[in-house]
Amino acid sequence: MKPWMNALLSLDERVQLLLEAMTLEDKLALMHGGTPDAALGIPALKLNDGPGGVTGPQETAGTQLPAPIALGAAFDQDAAYRYGEIVGKESRERGTTLLLGPTVNIARTPLNGRTFEGYGEDPYLSAATGTAVIRGIQEQGVMACVKHYAANNQEADRFTQNSIIDERTLREMYLPAFEAAVKVGGAASVMASYNKINGTHGAENQPLLTRILKDNWGFEGFVVSDFLATQSTVKSIHSGLDYELTIPFKRYYGQPLKEAVAGGLVPEPMIDASAGRILKEMFRIGLFDRAPGEGIVPAGQLQSRDEEALRLAEESIVLLKNDEGLLPLGAEPTLAVIGQAAVNPIASGGGSAHVPCSAVVTPLQGIERRAKAQYAPGTAPVPTGPSFIYPSPLAFLTVPAEAFEHGLLAESYDTPDLSGEPVRVDTVSNLNINWQFAGVPHPVSAKWTGTLLPRETGVHTFYLPTSGASRLWIDGELVIENWESRSLYKTGVKRLEAGRPVAIEVHYASGGGEAQLPSIALEWFAGEDEALIAQAVEMASQADIAVVFANDYMTENFDKPHLDLPGSQNRLIEAVAAANKQTIVVLNTGGPVVMPWLDSVTAVVQAWYPGAQGGEAIAKALFGETNPSGRLPMSFPRSERQGPVKTTGQYPGIGQDTAYTEKLQVGYRWFAANGERPLFPFGHGLSYTDFRYGNLQVRETSIKGLPSLQVSFDVNNDGERDGKAVPQLYVAFPSETGEPPAQLKNYAKVSVASGQTVTVDLILNARAFSVWDTSTDQWVVPAGAFRILVGESSEKFALEAEIVPSLAIREAANQCDTVLDGTAQSMEKEVSAP
């Protein structure tokens with residue numbers, strides 16, 4: 001037996017023995033996705049994307065779970081752990097050893113295309129949720145890689161954008177979730193982001209990677225770059241980057257790093273340190289101590305965990321509005337179910353968080369299992385996009401093989417404007433390509449020409465989603481112009497006649513850079529919004545209740561151009577509500593949308609991207625089989641002009657610089673500080689029952705030997721239905737500290753039977769009262785009186801007490817490992833019936 005395989009030795013001893021047996025080439029291979037000498041017995045590092053479940057081709061992908069933003073909305077630590085447990089088990093079954101997830105970045109702007117991939121706008125909620133997910137993953141023997149470190153809050157110019165942000169804001173808003181992930185969650189690795197932070201890219205940012213992560217926080221795991229995010233060899237290794245994630249390319253580590261060692265620019269002990277960090281986590285997670293293939297399930301025997309996905313979706317649904325108690329639906333109303341999202345739901349967001357699924361339960365299917373319903377599409381489908389990871393047709397559209405009579409002539413150019421002679425000429429059957437995985441070079445620009453044979457007569461809606469610039473001509477008419485805005489959401493319409501061929505021409509120009517996830521697709525839908533809206537209005541006018549489903553696609557690589565529902569969906573909702581006063585809207589979105597029709601509808605349900613079982617979960621909530629218990633993990637503004645990020649300098653930035661001048665006033669903190677009310681506040685969510693709070697008590701206690709406050713109160717269910725309350729504990733700082741008015745510092749999710757009362761105990765550690773002092777580089781508890789607030793949202797408080805932290809608590813500010821230290825145990829539903 002090789003000496004490092006002796007499990008009785010310490011981790012450090014095993015690592016040192018193995019390093020001594022490795023050549024420089026073996027160590028470098030380990031650090032950039034290569035293969036060390038097989039005789040060493042080092043298990044393969046198999047990476048997989050996974051912030052929202054195990055990604056991959058449909059036949060090997062994991063269960064399609066609700067999107068991470070939905071998990072944030074659950075406000076439930078048990079649910080977060082179960083989520084991670086599912087992802088960890090399915091990763092191990094597929095042979096994955098390093099899972100790239102979860103994402104714990106703060107939702108600074110709701111326009112961010114990856115809003116759905118994180119847990120919302122609050123650092124405490126993101127820290128608590130992400131840490132529970134990591135524990136669930138790693139307890140299955142799979143390493144988690146928490147991302148994207150740090151201040152990665154937009155997709156606009158995501159490879160070059162520079163987040164200009166002060167140290168206090170970083171420490172209090174954008175780093176707590178990462179700190180908790182490594183200190184409490186024990187994350188094996190941290191992914192450095194694409195963007196710059198104060199002028200330096202994440203993968204070579206020494207203050208973040210070494211000073212804060214490794215020195216301040218004592219992180220012993222390894223740092224991974226995002227795909228193709230490494231910018232240098234010598235600077236990156238000196239700054240603390242241990243692993244270059246460059247699949248399918250290898251750029252800066254490997255041979256360039258070997259040459260840097262030979263040239264004396266990088267000392268070999270630095271290589272030992274990085275390789276040793278990787279090996280230590282592999283030993284710690286148990287990779288060396290498993291038999292080859294242990295726990296891996298053959299692809300044909302992989303099973304979906306649909307019941308677990310259903311329960312998670314149930315926990316995440318938020319009831320935003322319910323006038324006149326219209327919900328839950330009663331016995332056998334006549335229902336008009338309207339909207340493409342009822343039959344073509346967006347169950348999973350796009351990009352590296354997308355988890356494909358062939359058997360999604362649609363909302364219409366869920367409703368029809370319980371009641372009779374008529375269905376009308378209402379509008380053309382919402383544009384989505386080509387899969388950026390695994391090419392496939394859009395979920396709701398199919399392009400028949402005979403649509404293009406003789407295929408499309410594809411011409412690729414090495415110039416940005418299709419000038420000169422093509423460098424490659426091909427023929428393709430249709431247009432749906434992801435160059436990163438297509439096996440052909442990515443062109444600087446390209447053109448496709450051919451003939452389309454329509455199957456139906458009428459207005460057709462065309463979609464041309466792409467990562468670059470694009471234009472579509474049909475019979476010489478410019479139908480889609482997307483050359484300057486480069487928006488994912490551009491569509492065009494053209495009336496066609498069945499059987500009459502039309503000329504098609506598509507132009508494309510690269511967005512620039514090999515990490516742009518280059519892709520393009522051309523698809524269409526036969527239908528005209530005006531006629532579809534009229535049909536839906538007629539149906540709604542004849543029904544007792546109209547249920548309108550609306551959706552909005554979000555994905556990596558694109559920010560949203562606005563917060564309106566895309567297409568004609570707002571007009572559809574307004575028209576249906578005018579025809580039927582009992583209209584319910586169900587939102588299938590990855591984040592906030594504006595609701596100009598809000599006053600005209602009776603009820604609104606936020607269902608997020610609910611995963612494969614989302615349709616069933618939505619139907620159970622509508623019919624009262626479950627009682628909605630989700631809460632908003634981010635504020636819903638009245639428009640994109642309301643909120644902290646208002647100027648071009650703040651977003652998307654001037655040049656490459658994005659100024660975080662709002663500082664600590666992110667999300668609900670800004671609304672409270674500026675006396676403005678959002679459309680719906682952070683933490684908001686209704687129930688089919690009524691909860692009453694009382695008997696607030698605050699006393700000093702000791703957790704892990706550190707002084708803390710225990711906040712106790714009663715929750716009474718005054719209604720006729722059992723339900724789950726989500727009490728939220730906020731702390732208001734003395735005004736002279738410059739802190740936002742109130743900040744979430746703990747919460748619980750508790751089941752309370754009708755007519756019953758439970759007592760909830762929540763812990764506040766010293767960090768709950770601390771601010772980051774830049775003059776001393778440490779946490780301090782300011783002098784003065786603090787207010788303890790208990791309520792149902794960031795705007796609705798039921799209980800209040802004033803306290804002055806004791807000297808013992810003040811002195812413990814820097815003894816608490818994280819904002820979660822000692823509080824996580826109070827989120828295990830420590831409640832008792834009186």
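Within segment 222-261, which residues are hydrophobic (A, V, I, L, M, F, W, C) and in a loop (DSSP other than H, G, I, E, B)? Full working, then the answer.
Residues of segment 222-261 hydrophobic (A, V, I, L, M, F, W, C): 222-224, 227-229, 234, 237, 241, 245, 247, 249, 257, 260-261.
Of everything in segment 222-261, those that are hydrophobic (A, V, I, L, M, F, W, C) and in a loop (DSSP other than H, G, I, E, B) turn out to be PHE227, LEU228, ALA229, LEU241, LEU245, ILE247, PHE249.
What do you reckon, is LEU452 crowded, with 19+ Cβ neighbours inside 10 Å, assigned by TED's automatic domain parsing to the domain that holds ILE433 and either within 37 Å of the chain's Cα centre (by Cα) or aliphatic (A, V, I, L, M) (or both)?
yes
Going through segment 682-703 one residue at a time, which ones are of a type in the set (A, V, I, L, M) and modelled with pLDDT of 95 or more? Outline the logic, then answer.
Step one: list which residues in segment 682-703 are of a type in the set (A, V, I, L, M), which gives 686, 696, 698, 703.
Once the filter is applied, which keeps residues that are of a type in the set (A, V, I, L, M) and modelled with pLDDT of 95 or more, segment 682-703 yields LEU686, LEU696, VAL698.
Which condition breaks for ALA262 when tested against (1) in contact (Cβ under 8 Å) with a residue 24 or more places away in the chain; (2) surrounded by fewer than 21 Cβ atoms within 10 Å (Cβ to Cβ); (3) small (Gly, Ala, Ser)?
(1)
Working only within segment 185-221, note down all residues that are outside any helix (DSSP H, G or I), over 20 Å from SER126 (Cβ atoms) and not small (Gly, Ala, Ser).
Of everything in segment 185-221, those that are outside any helix (DSSP H, G or I), over 20 Å from SER126 (Cβ atoms) and not small (Gly, Ala, Ser) turn out to be LYS196, ASN198, THR200, HIS201, ASN205, GLU220.
Residues that are out of contact with any strand residue (DSSP E or B) (no Cβ under 9 Å at 6 or more places or on another chain) and in a loop (DSSP other than H, G, I, E, B): does segment 306-323 have at least one?
Checking segment 306-323: not a single residue is out of contact with any strand residue (DSSP E or B) (no Cβ under 9 Å at 6 or more places or on another chain) and in a loop (DSSP other than H, G, I, E, B).
In segment 665-681, what residues are more than 27 Å from TRP597 (Cβ to Cβ) and either modelled with pLDDT under 95 or surrounded by fewer than 20 Cβ atoms within 10 Å (Cβ to Cβ) (or both)?
ALA673
Take GLU172 and tell me if it is modelled with pLDDT of 95 or more and over 20 Å from LEU125 (Cβ atoms).
Here the answer is no, as GLU172 does not meet what is asked.
I need every pair where a residue in segment 148-159 that is under 17 Å from PRO51 (Cα atoms) has its Cβ under 6 Å from the Cβ of a residue that is surrounded by 24 or more Cβ atoms within 10 Å (Cβ to Cβ) and among the β-branched types (Val, Ile, Thr), sequence separation at least 6 or different chains.
Every condition considered, the pairs that remain are TYR149/VAL190.
Take the residues in segment 615-651 that are surrounded by fewer than 19 Cβ atoms within 10 Å (Cβ to Cβ), farther than 24 Å from ALA748 by Cα and among the small types (Gly, Ala, Ser); name whichever of them is modelled with the highest pLDDT.
Across segment 615-651, the extreme among qualifying residues is GLY649.
Just to be sure, is TRP608 over 20 Å from THR334 (Cβ atoms), surrounded by 24 or more Cβ atoms within 10 Å (Cβ to Cβ) and either aromatic (Phe, Trp, Tyr) or assigned by TED's automatic domain parsing to the domain that holds SER794 (or both)?
Details: over 20 Å from THR334 (Cβ atoms): yes; surrounded by 24 or more Cβ atoms within 10 Å (Cβ to Cβ): yes; either aromatic (Phe, Trp, Tyr) or assigned by TED's automatic domain parsing to the domain that holds SER794 (or both): yes.
Yes, satisfied.
Kindly indicate which of PRO43, PRO102 is crowded, with 24+ Cβ neighbours inside 10 Å and in contact with a Lys or Arg (Cβ under 9 Å, 6 or more places away or on another chain).
Within the list PRO43, PRO102, the selection yields PRO102.
Got at least one residue in segment 365-372 being over 18 Å from GLN606 (Cβ atoms), surrounded by 14 or more Cβ atoms within 10 Å (Cβ to Cβ) and β-branched (Val, Ile, Thr)?
no
Evaluate the following for ALA144: is it under 30 Å from ASP657 (Cβ atoms) and either surrounded by 24 or more Cβ atoms within 10 Å (Cβ to Cβ) or more than 17 Å from the chain's Cα centre (by Cα) (or both)?
The answer is no for ALA144.
For segment 21-53, what are the residues that are among the hydrophobic types (A, V, I, L, M, F, W, C), closer than 20 Å to VAL190 by Cβ and part of a loop (DSSP other than H, G, I, E, B)? Spell out the reasoning first.
We begin by selecting, within segment 21-53, every residue among the hydrophobic types (A, V, I, L, M, F, W, C); these are 21-22, 24, 28-31, 38-40, 42, 44-45, 47.
Within this subset, residues satisfying the condition of being closer than 20 Å to VAL190 by Cβ are 30-31, 45, 47.
Selection gives MET31, LEU45.
When residues of segment 112-141 are filtered for being in a loop (DSSP other than H, G, I, E, B) and buried (at least 24 other Cβ atoms within 10 Å of the Cβ), how many remain?
8
Quick one: is ALA107 touching a residue at least 60 places away in the same chain (Cβ under 8 Å) and crowded, with 24+ Cβ neighbours inside 10 Å?
Spelling it out, ALA107 is indeed touching a residue at least 60 places away in the same chain (Cβ under 8 Å) and crowded, with 24+ Cβ neighbours inside 10 Å.
Test of understanding: among GLU481, GLU411, which residue is part of a strand (DSSP E or B), at pLDDT 90 or above and either within 28 Å of SER568 (Cβ to Cβ) or among the hydroxyl-bearing types (Ser, Thr, Tyr) (or both)?
After applying the criteria, what remains is GLU481.
Select from segment 50-89 the residues that are of a type in the set (Asp, Glu) and surrounded by fewer than 24 Cβ atoms within 10 Å (Cβ to Cβ) and write down the one among them that is farthest from the chain's Cα centre (by Cα).
GLU59
Being closer than 18 Å to ARG631 by Cα, assigned to a helix (DSSP H, G or I) and of a type in the set (A, V, I, L, M) narrows it down to one of ALA107, ALA79, so name that one.
None of the others qualify; the one that does is ALA79.
Are there any pairs, at least 6 apart or on different chains, whose C-beta atoms fall under 7 Å, with the first in segment 169-185 and closer than 19 Å to LEU100 by Cβ and the second among the polar types (S, T, N, Q), and if so, which?
Close Cβ pairs (under 7 Å, with a partner that is among the polar types (S, T, N, Q)) amount to ALA177/SER126; ALA180/THR131; ALA180/THR818; ALA181/THR131; GLY185/THR131.
Within segment 542-569, can you find the residues that are closer than 26 Å to ALA371 by Cα and surrounded by fewer than 22 Cβ atoms within 10 Å (Cβ to Cβ)?
GLN542, ALA543, ASP544
Does segment 558-568 contain any residue that is part of a loop (DSSP other than H, G, I, E, B), aromatic (Phe, Trp, Tyr), assigned by TED's automatic domain parsing to the domain that holds THR379 and over 16 Å from ALA342 (Cα atoms)?
yes
State which residue is farthest from LEU408 (Cα to Cα) when the search covers only segment 507-528 and only residues that are at pLDDT below 90 and more than 29 Å from the chain's Cα centre (by Cα).
Only one residue tops the list, namely GLU528.
Show the residue pairs meeting these rules: Cβ distance below 7 Å; 6+ apart or different chains; first residue within segment 352-366 and on the phi < 0 side of the Ramachandran plot; second residue surrounded by 23 or more Cβ atoms within 10 Å (Cβ to Cβ) and among the aromatic types (Phe, Trp, Tyr).
If the second residue must be surrounded by 23 or more Cβ atoms within 10 Å (Cβ to Cβ) and among the aromatic types (Phe, Trp, Tyr), the pairs left are PRO363/PHE549.
Does GLU736 meet the test of being surrounded by fewer than 18 Cβ atoms within 10 Å (Cβ to Cβ) and in contact with a helix residue (DSSP H, G or I) (Cβ under 8 Å, 6 or more places away or on another chain)?
Answer is no for this residue.
The values are calculated or read from the model by the stated rules, or taken from the named source; none is laboratory data. What you see is a predicted model, and the numbers here were worked out from it, not measured in a lab. Positions of Cβ are backbone-derived with ideal geometry, glycine not excepted, and every protein chain shown enters the neighbour counts.
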